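What follows is a set of notes on a single structure, which appears directly below.
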Amino acid sequence: MNNTPPGLRLLRPPTVIGQFHTLFFGSVRMFFLGVLGFAVYGNEALHFSCDPDRRELNLYCYNQFRPITPQVFWALQLVTVLVPGAVFHLYAACKNIDQEEILERPLYTVYYIISVLLRIILEVIAFWLQSHLFGFQVHPVFMCDASSLEKTFNVTRCMVPEHFEKTIFLSAMYTFTVITILLCVAEIFEILCRRLGYLNNQ
């Protein structure tokens, strides 16, 4: 007999795919971003150089090249995507909802599906934003319009350090987003199938 309080049991998602998603999200994705992301992007601003190599020009062009740093963007993405699930689990803990009740009671099933749909929407928005901010490939040379900084600069060439590694990392982050979206879609199908199975057994 399981004596664990209902609110604590709900710390695990009610579906197998949801539990795998949590493992994938919490370990692989965060490890990849936290460890490898720092290694690839950690000193990018220091090694970003333009012609002529002047500090104020390098900083100006780097801010043009990176309106937001990738690490900050992906950290915000991870936190934002966690919010719908966290809100649902907080609601379930306050109401003492059992894991099985989510699948047995239509209202809780709908709430949970809405939280998964919100995760999908947030991931799609993040994918779109990432494609507009960073593109799909990091080029070795960035042409910077520095005319507003000093008219003699006009358009200057800037060298992007380790552009190939960044392209690989960028592709990996796109892949993680797509995998997460597919897992969320699969989780919705699992919830619906288990809900239908519960109704058929009644």
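Output the qualifying pairs, or none if there are none: Cβ atoms under 6 angstrom, residues six or more apart or on different chains, first residue in segment 187-199 and surrounded by 13 or more Cβ atoms within 10 Å (Cβ to Cβ), second residue aliphatic (A, V, I, L, M) and at pLDDT below 80.
E187/I17; E190/I17; R194/L103; R195/L103; Y198/L103
Scan segment 105-126 and give yes if some residue there is out of contact with any helix residue (DSSP H, G or I) (no Cβ under 7 Å at 6 or more places or on another chain), modelled with pLDDT of 85 or more and among the aromatic types (F, W, Y), otherwise no.
no
I want to confirm something. Restricting to segment 66-81 and keeping residues that are aliphatic (A, V, I, L, M) and either surrounded by fewer than 16 Cβ atoms within 10 Å (Cβ to Cβ) or on the phi > 0 side of the Ramachandran plot (or both), which single residue is farthest from the chain's Cα centre (by Cα)?
I68
Take segment 83-113 and flag every residue that is aliphatic (A, V, I, L, M), touching a residue at least 24 places away in the same chain (Cβ under 8 Å) and open to solvent by 80 Å² or more (accessible area, probe 1.4 Å).
V87
Which residues, taken from segment 125-172, are farther than 18 Å from Y41 by Cβ and part of a helix (DSSP H, G or I)?
If the condition is that a residue be farther than 18 Å from Y41 by Cβ and part of a helix (DSSP H, G or I), then I125, F127, W128, H132 are the ones that fit.
Among (1) loosely packed, with under 15 Cβ neighbours inside 10 Å; (2) more than 25 Å from Q19 (Cβ to Cβ), there is one condition A146 misses while meeting the rest; what is its number?
Of the numbered conditions (1) loosely packed, with under 15 Cβ neighbours inside 10 Å; (2) more than 25 Å from Q19 (Cβ to Cβ), the odd one out for A146 is (1).
Would you check if there is a residue in segment 149-165 being closer than 30 Å to T22 by Cβ, surrounded by 19 or more Cβ atoms within 10 Å (Cβ to Cβ) and of a type in the set (D, E, K, R)?
No, that holds for no residue.
The values are calculated or read from the model by the stated rules, or taken from the named source; none is laboratory data. All figures in this text were calculated on a predicted structure; none of them were measured in a lab. A quick note on method: Cβ atoms are made from the backbone with ideal geometry, for glycine too, and the neighbour counts reach across all protein chains shown. These area figures cover heavy atoms from the full protein model, side chains too; ligands, DNA and RNA do not enter into them. Shrake-Rupley method; radii C 1.70, N 1.55, O 1.52, S 1.80 Å.
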